[in-house]
Number of protein chains: 4
Amino acid sequence: MNIDLNADMGESFGMYAMGNDDAFMKHISSANVACGFHAGDSSVMRKTVGYARRDGVQVGAHPGLPDLQGFGRREMNLTVDEVYDIVVYQVGALKAFAEAAGMKLHHVKPHGSLYGMAHRREEIAQAVCRAVRDIDPRLFLYIMKKGVIGEAAQKMDLRCVYELYADLGYDAQGNLVITRHHEAQTAADVARRVVRMVREGRVRATDGTEIGIEGNSVCVHSDTPGAVEIVQAVRQALEEAGCQIASPPL
Amino acid sequence: MNIDLNADMGESFGMYAMGNDDAFMKHISSANVACGFHAGDSSVMRKTVGYARRDGVQVGAHPGLPDLQGFGRREMNLTVDEVYDIVVYQVGALKAFAEAAGMKLHHVKPHGSLYGMAHRREEIAQAVCRAVRDIDPRLFLYIMKKGVIGEAAQKMDLRCVYELYADLGYDAQGNLVITRHHEAQTAADVARRVVRMVREGRVRATDGTEIGIEGNSVCVHSDTPGAVEIVQAVRQALEEAGCQIASPPL
Amino acid sequence: MNIDLNADMGESFGMYAMGNDDAFMKHISSANVACGFHAGDSSVMRKTVGYARRDGVQVGAHPGLPDLQGFGRREMNLTVDEVYDIVVYQVGALKAFAEAAGMKLHHVKPHGSLYGMAHRREEIAQAVCRAVRDIDPRLFLYIMKKGVIGEAAQKMDLRCVYELYADLGYDAQGNLVITRHHEAQTAADVARRVVRMVREGRVRATDGTEIGIEGNSVCVHSDTPGAVEIVQAVRQALEEAGCQIASPPL
Amino acid sequence: MNIDLNADMGESFGMYAMGNDDAFMKHISSANVACGFHAGDSSVMRKTVGYARRDGVQVGAHPGLPDLQGFGRREMNLTVDEVYDIVVYQVGALKAFAEAAGMKLHHVKPHGSLYGMAHRREEIAQAVCRAVRDIDPRLFLYIMKKGVIGEAAQKMDLRCVYELYADLGYDAQGNLVITRHHEAQTAADVARRVVRMVREGRVRATDGTEIGIEGNSVCVHSDTPGAVEIVQAVRQALEEAGCQIASPPL
């Protein structure tokens, strides 16, 4: 059984460092690279793609809302057309860096509030899916199984990769709880939780409820305290549980 | 004899209108579309590509310095890598809009101070050329015959289109005089000047000197007072002088 | 009876012109000057303050959401502290231009979605009011009579000026209908409507209902088609109805 | 003998942390607070002013070029008016935060390339000085003794504080060598160097030459590796050499 490990990468900006992508890259199989709207800049994008290429990691675009100060986590009331446009723009920019480095763009994963909006609001979901399809219908779309975007993607015959979140909480309805700051957890706890999600399709929600969950890619954070320790623990636990860490083949 | 008519388009931003691209597009054969750094935004880019497609006009990327307030006309001391990166980013973004609309990106033309820097400084010229080549070596590069970028482009086997400026001045050395605001001129004067540049390869410099000049694409402005009248006069005069208005075929 | 005429000014940005503040300024008594977040830039701010000083017009700060592309009209989910901070920042910046020109800052009027949020959400209203009070408790606050911000302002002993909108619609509940683009109306219609609001305290809502309305400052737009004609008609009609056009004295 | 210790503070932006101002503030007597153009944002500004107030540290504005990605270190070709305008804007914004916190703004220190341009180019120096004077002629201006800005400031009767750089190099002409990244040095070396600059008015330039230098405020960095250790060593060494650490009184 193949399981993908993805992480948001390329979130530094100018002199501002976030995470250590150079060192972290080798631990994952797919990198979601910020595209300059909520994080990242053109130089960071080039370098991040370079790390991915060096480490044999697939690169995807990680487009977000145009709000660097809010890191794309402050919801903005964009029109449907504006959502389509910011996705085409950002994915196109990253695709160019991937191709300039001799790689093929592998996937698209919306970031932060855009991710949340696309899971909750049908017309936003459709705008994101149309943008991905219009750029390249073979691109994978990274989403959660739960949420309206799954149906929108299926209607457009997009190939979906379903995410499981290693170190974020789910509410009782299976919705992700996105906060501005991530909480630290022990690596062993996270690893156990991930294996259970992958192997049993179950996880404990923030209110203590047991919920069903489904996915073939585990999202790990690269910028939390102990991120390296966590990803190593997750990786080892998954391999011991019989999984092979690999990105879905293009 | 084929001659291309190009214009900078897509320079509106949000609520801010600049020029009237919808109406102007039909007068030209190649559109240089701003990419969101010095002008334009992702929604303007989509609309501008749509006008070009409708009117059978080729679209190129018009990347500029990251300075919306200065409209890309305030020189900034970027590193060579930063220049490469901002060109890849912006060209990639526009390429995605072109391809999403079923078109192929046709060319790249640096904007404003980036254009000037690339004509004067060899390492900047090389960075721009490398960016274009790394994205797609078949893209045309719009430049002036005079300037270091021509040589850099030739070394990388890029296909160059040489520009003649309909309504900007040249100094005695053949360098373009870029100002923040364009001066108005009569349409007939501009048209006569253009035909002379195209047919005789000569133009009068700002100091009165006669200089030689060479090119196969005439750049007209779309946002000057009387822009429509000027482009119509230029087009008619060129056709009467036996030229066919056409973009270089990909 | 004194009535104030206010308009949003200084909304140009870099090369992008919006309105003609130089010519329009003389028609009003109070100018709400954009502060560089949703519109305006530092150079536009200085020039706009200069026009106001020349024409004896009071200057106020017109802070907005940090979204130039959306012109501050796309709601953003800012925290209460972030709202306080962007108001202090922008008002402080404009206050410096006013004082550098030998004027005193007269008022603060939130712009666009920030204006709407401050009228609907109590904690946003309080954040805006605290920011104004902490900068200078003598500053006038321009708001609508209807909305939670009025109560918040009273609790902090802020001096309120209540706005009437010359050329925007009200719904049956007396809430302003803010759109991205203003509709053109005849100057005479607008003038009649304004005099009726000022003199009778009544206006026809967008659904045809007659509603009560109260205010001592009429907001006119400077960038709509026929803006000059409208402001002149409004001014003349008000004077003929016995009003004196004047800004509230500091 | 009083000597001032100043540091650039408030350089974080949104989610991006730079330095640890909360912990560092107590070590200095004057804080130069970034104003949102090259670094900092309105929320960071409020918090930084709060730390300064808590620790009895004077706050000054640290305006920079409008280039967050380049951290204000990429020279931009602004007009003289644009320089004046960006200084008024940024200083005004910080002044509002200081006054909202019950403090008085103490000084202005241009940042990065703006600092360099103001020391080299007379018309830029004059624009900066005019901006400071027009906001409040009692504000201190932090500059280097060497450079054209000193003369410009004297002509406008501005009060200057002359800086000595603890951990940056000087060339043989006494000009500061500004780089994108600071080099680490041992705390003891830096402390010795500072005491020698303060007490003997001499320092070794980057080419080994001994040069004269003059100043009454030592600039320390808050974001270099070992910054706390360095500032503590500098402070202790200065006190042992008979100096009292204090900001110039307003």
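The values are calculated or read from the model by the stated rules, or taken from the named source; none is laboratory data. Given the structure is predicted, the values throughout are model-derived calculations rather than measurements. Reconstructed Cβ throughout: ideal geometry from the backbone, glycine too, with neighbour counts over all protein chains shown. Note: accessible area is taken over every heavy atom of the protein model, side chains too, but ligands, DNA and RNA are not part of it. Shrake-Rupley method; radii C 1.70, N 1.55, O 1.52, S 1.80 Å.
Is it the case that some residue within segment A:72-89 is within 20 Å of B:LYS95 (Cβ to Cβ) and under 16 Å from the mean Cα position of the chain (by Cα)? Yes, segment A:72-89 has at least one match. Scanning segment D:47-65 for residues that are in contact with a helix residue (DSSP H, G or I) (Cβ under 6 Å, 6 or more places away or on another chain) and within 14 Å of chain C (Cβ to nearest Cβ) yields a count of 7. Among D:GLY70, D:GLY36, which is the only one that is of a type in the set (Gly, Ala, Ser), surrounded by 21 or more Cβ atoms within 10 Å (Cβ to Cβ) and more than 28 Å from C:ARG138 (Cβ to Cβ)? Residue meeting the stated conditions: D:GLY70. Restricting attention to segment A:8-17, and to residues there that are touching a helix residue (DSSP H, G or I) at 6+ places or on another chain (Cβ under 9 Å) and closer than 11 Å to D:MET15 by Cα, which single residue is nearest to the other protein chains (Cβ to nearest Cβ)? Once the filter is applied, the top-ranked residue is A:PHE13.
So which residues in segment B:184-200 are closer than 19 Å to B:MET1 by Cβ and open to solvent by less than 20 Å² (accessible area, probe 1.4 Å)? Break it down into steps so the answer makes sense when it comes.
Keep residues of segment B:184-200 that are closer than 19 Å to B:MET1 by Cβ, which gives B:191-200.
B:ALA191, B:VAL194, B:MET197, B:VAL198, listed by residue number.
Beta carbons closer than 6 Å, at least 6 apart along the sequence or on distinct chains, pair a first residue in segment A:76-101 that is more than 7 Å from every other protein chain (Cβ to nearest Cβ) with a second that is basic (Lys, Arg) for A:TYR84/A:ARG130; A:ALA101/A:ARG53. For segment D:39-56, a residue qualifies if it is within 24 Å of D:GLU163 (Cα to Cα) and crowded, with 24+ Cβ neighbours inside 10 Å, and the qualifying residues are D:ALA39, D:GLY40, D:MET45, D:THR48, D:VAL49, D:ALA52. Considering segment C:1-33, and only residues there that are over 13 Å from the mean Cα position of the chain (by Cα) and among the acidic types (Asp, Glu), the residue that is surrounded by the most Cβ atoms within 10 Å (Cβ to Cβ) turns out to be C:ASP21. Going by the conditions given, is A:VAL148 more than 14 Å from chain B (Cβ to nearest Cβ) and either open to solvent by 30 Å² or more (accessible area, probe 1.4 Å) or over 18 Å from the mean Cα position of the chain (by Cα) (or both)? Yes. Report yes if some residue within segment B:112-127 is touching a Pro at 6+ places or on another chain (Cβ under 7 Å), within 22 Å of D:GLY70 (Cα to Cα) and of a type outside the set (A, V, I, L, M, F, W, C); otherwise report no. No; the residues of segment B:112-127 include none that is touching a Pro at 6+ places or on another chain (Cβ under 7 Å), within 22 Å of D:GLY70 (Cα to Cα) and of a type outside the set (A, V, I, L, M, F, W, C).
Please pick out the residue among D:ARG120, D:ARG130 that is within 14 Å of another protein chain (Cβ to nearest Cβ), of a type in the set (Lys, Arg) and closer than 25 Å to D:SER42 by Cα.
Numbers: D:ARG120 fails: closer than 25 Å to D:SER42 by Cα.
Just a single option satisfies the conditions, and that option is D:ARG130.
Considering only segment B:221-250, state which residues are in contact with a Lys or Arg (Cβ under 9 Å, 6 or more places away or on another chain) and modelled with pLDDT under 95. B:LEU250 - this is the single residue of segment B:221-250 that is in contact with a Lys or Arg (Cβ under 9 Å, 6 or more places away or on another chain) and modelled with pLDDT under 95.
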